Amino acid sequence: MRKEELIKLHHMLFDVKDYLQTIDPELKFSQYNALKITPSRAHTTKTEHKYAIFVLGMEIADAIKDTDNMPSKGMSLRMKELADKSLIEMNRQ
């Protein structure tokens, strides 16, 4: 994916995060917030956005894993694996 596409995806997931927080204000998304990488920070690298997407995806999956419509509870673990892989890539740069 190009950087612009990653930023769009990041923004969509950010909107999902905001929506989930309106439903449940107890959701904190602390790992994602600690990154301080938001979709509006266009000057961050493509790899940093990719890492933020996976961390946010992991936390979104954690937030919705107990709903009736969630068939795969392993999604959060897979997102964590992808985030870890992206972090290694980010540290190499």
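With a requirement of 2 or more residues that are at pLDDT below 90, surrounded by fewer than 19 Cβ atoms within 10 Å (Cβ to Cβ) and of a type in the set (D, E, K, R), the helices (runs of 4 or more DSSP H) lying completely within region 14-93 that satisfy it span 75-92. The number of residues in region 1-13 being within 14 Å of Gly57 (Cα to Cα) and in a loop (DSSP other than H, G, I, E, B) comes to 0.
In region 27-52, the residues that are under 19 Å from Glu89 (Cα atoms) and touching a residue at least 12 places away in the same chain (Cβ under 8 Å) form Cβ pairs under 6 Å with partners that are assigned to a loop (DSSP other than H, G, I, E, B) and aliphatic (A, V, I, L, M), at six or more places apart or across chains, as follows: Glu48/Ile37; Ala52/Ile37.
The values are calculated or read from the model by the stated rules, or taken from the named source; none is laboratory data. Worth saying up front: this structure is predicted, and the values here are computed from it rather than measured. No Cβ is skipped: glycine too gets one built from the backbone with ideal geometry, and neighbour counts run over all protein chains shown.
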